[in-house]
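Data first, discussion second: the structure below is written as structure tokens.
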Amino acid sequence: MKKTLLTAAAAFSLALTAQVPDLPLLKIFHFAGSRRPAENVLLSPWGIQECFGMVSGGAGKQSAGELSKILGLNKAVSGDISQARKSLQQSSKNFKSYNVIFLERQLKAKKSFIHHATKVYNSDIYSVDFDQKSKCARVLNNIVKRQTSSMFGDIFTERSFLPKPDVLLLNTLYFESAWKESFVEDHTKREKFTIPSPDGKAASRKKTVDMMNDTRYLPYYEDKELHGIILTFRNRRFKLLVLKPKNSAVPLSRAAAVLAEKGIQHFRYSSSELYKTNIKLPKMKLSGETDLKELFCSAGMKSLFSSTGGGLTEMVTDRPLFISSAKQLVKLDLNEKSTKVAAVTYTAGVTSAPPVIEEKENYFYANHPFILVLFDDKTNAVLLTASIVNP
């Protein structure tokens with residue numbers, strides 16, 4: 001009994017100390033949405049924290065400062081994220097997060113980076129030959145499928161390794177949980193959803209969606225501009241805040257701005273459960289992809305992605321690296337019974353500026369003098385050369 005009480009106390013203490021700051025990545029979400037106001041924007045702050053948290057262990061001074069300023073990632077926060085991960089994995093089967101690093105076999109990781117990646121971010125590290133592009137793609141795709149319960153298929157191809165990376169850091173996230181209180185499927189109706197015009201000037205249009213309907217007592221938030229609800233999952237530690245402007249003419253960026261300014265806890269503690277709430281919420285099956293390199297560079301993170309700066313000076317002993325690409329893919333499946341979320345976040349690091357790979361259509365018009373060379377491909381024997389001036 002004494003041991004059980006001590007274990008429970010330790011878990012309770014762990015939960016109390018595991019407070020992951022949300023404002024920096026909510027600001028990134030607001031920034032991403034403001035740049036794509038007419039599109040769905042799906043981001044996983046957890047995936048960004050995990051992937052770029054691993055990156056931070058190899059960052060030089062300038063890059064570390066940018067990671068701290070823009071993403072809020074530093075040594076203290078990494079400790080909080082580590083505790084939060086342990087707490088989630090110990091107490092919930094609904095949550096699964098996996099970190100892995102693939103390092104070119106000719107390179108040697110610094111001991112400080114290995115400690116940061118394995119002890120703080122619980123990452124596996126493998127030495128690989130990135131020249132074996134097909135094998136690397138197959139191994140990564142198998143990891144992604146397994147860790148996301150096949151919500152993602154083959155997302156890596158041989159082209160994913162052009163230019164050839166020296167290091168690849170990957171996080172996968174999978175969440176699945178039933179609602180504490182399910183929606184009644186018979187109450188789901190085909191209803192209209194208002195979609196604003198892309199430029200905000202033209203008239204909005206209506207789209208018919210599957211709208212879930214319910215009436216229940218639950219946390220309800222309201223201020224002069226916004227209102228929202230907080231839904232609870234069967235594992236009660238997981239919640240879903242649904243927030244929007246009261247007036248459909250007000251841009252959604254306004255709600256994102258308030259969220260970025262005040263954080264999740266403001267809405268949690270400012271919500272009231274005194275009154276019943278009639279709910280309409282669309283069923284959703286969405287996916288999104290974000291170029292994190294482009295997003296973070298636009299937000300002011302330059303050193304980490306600079307081919308001349310070599311922002312990852314503390315990752316390997318051989319040479320400084322920099323991040324050449326960074327992407328995140330997210331899938332959401334929300335229905336009457338449950339919600340599923342899967343995210344894949346990865347960065348690729350190289351040692352020199354990658355060549356530009358562009359898709360283009362070629363044209364060759366032999367409509368002025370030209371040369372012909374007929375040769376044997378196996379022996380390289382030249383069978384004919386000809387200058388054609390007047391065919």
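The values are calculated or read from the model by the stated rules, or taken from the named source; none is laboratory data. Predicted model, so just to flag it, every value in this text is computed and none were measured. Cβ atoms come from the backbone with ideal geometry, glycine included; neighbour counts cover every protein chain shown. When the accessible area is computed, the model is the full protein with side chains, heavy atoms only, and any ligands, DNA or RNA have been set aside. Shrake-Rupley method; radii C 1.70, N 1.55, O 1.52, S 1.80 Å.
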* In the range 215-234, the residues that are among the aromatic types (Phe, Trp, Tyr) and surrounded by 12 or more Cβ atoms within 10 Å (Cβ to Cβ) -> 220, 221, 233
* To do: Taking the options 183, 175, name whichever one is among the hydrophobic types (A, V, I, L, M, F, W, C), surrounded by 14 or more Cβ atoms within 10 Å (Cβ to Cβ) and assigned to a strand (DSSP E or B).
  => 175
* Structure fact -> The residue from 287, 270 that alone is of a type in the set (S, T, N, Q), touching a Lys or Arg at 6+ places or on another chain (Cβ under 6 Å) and at pLDDT 90 or above is 287
* To do: Give 190, 237, 254 a once-over and let me know the one that is outside any loop (DSSP other than H, G, I, E, B), surrounded by 13 or more Cβ atoms within 10 Å (Cβ to Cβ) and among the basic types (Lys, Arg).
  => 254
* Looking at the range 235-243, is at least one residue free of Cβ contacts under 8 Å to residues at least 60 places away in the same chain and over 25 Å from the mean Cα position of the chain (by Cα)? -> no
* To do: Go over the candidates 212, 151 one by one and state the one that is among the hydrophobic types (A, V, I, L, M, F, W, C) and either open to solvent by less than 30 Å² (accessible area, probe 1.4 Å) or not in a loop (DSSP other than H, G, I, E, B) (or both).
  => 212
* **Matching residues, the range 161-178, being within 20 Å of residue 233 (Cβ to Cβ), under 17 Å from the mean Cα position of the chain (by Cα) and among the hydrophobic types (A, V, I, L, M, F, W, C)** => 173, 175
* For residue 126, all conditions in the list (1) open to solvent by less than 60 Å² (accessible area, probe 1.4 Å); (2) of a type outside the set (Asp, Glu); (3) more than 21 Å from residue 73 (Cα to Cα); (4) at pLDDT 95 or above hold save one; what is the number of the exception? -> (1)
* Asked: In this structure, is residue 47 under 19 Å from residue 326 (Cα atoms), in contact with a His (Cβ under 6 Å, 6 or more places away or on another chain), in contact (Cβ under 8 Å) with a residue 24 or more places away in the chain and surrounded by 21 or more Cβ atoms within 10 Å (Cβ to Cβ)?
  -> no
* To do: Using the structure shown, decide if residue 13 is in a helix (DSSP H, G or I), hydroxyl-bearing (Ser, Thr, Tyr), modelled with pLDDT of 90 or more and surrounded by 11 or more Cβ atoms within 10 Å (Cβ to Cβ).
  => no
* Which of the residues that make up the range 299-324 are touching an Asp or Glu at 6+ places or on another chain (Cβ under 8 Å) and part of a strand (DSSP E or B)? -> 316, 321
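Look at the range 280-303 and say how many of its residues are of a type in the set (S, T, N, Q) and closer than 20 Å to residue 169 by Cα.
Here the count works out to 2.
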* In the range 257-282, how many residues are open to solvent by 80 Å² or more (accessible area, probe 1.4 Å) and farther than 21 Å from residue 25 by Cβ? -> 6
* Asked: Of (1) open to solvent by less than 70 Å² (accessible area, probe 1.4 Å); (2) in contact with a helix residue (DSSP H, G or I) (Cβ under 7 Å, 6 or more places away or on another chain), residue 244 satisfies all except one. Which?
  -> (1)
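If we scan the range 92-99, do we find a residue that is of a type in the set (Ser, Thr, Tyr) and more than 20 Å from the chain's Cα centre (by Cα)?
Yes, the range 92-99 contains a residue that is of a type in the set (Ser, Thr, Tyr) and more than 20 Å from the chain's Cα centre (by Cα).
Rundown of residues vs (1) in contact (Cβ under 8 Å) with a residue 12 or more places away in the chain; (2) open to solvent by 10 Å² or more (accessible area, probe 1.4 Å); (3) closer than 30 Å to residue 232 by Cα, yes/no style:
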position	(1), (2), (3)
285	yes, yes, yes
299	yes, yes, no
312	yes, no, no
317	yes, yes, no
325	yes, yes, no
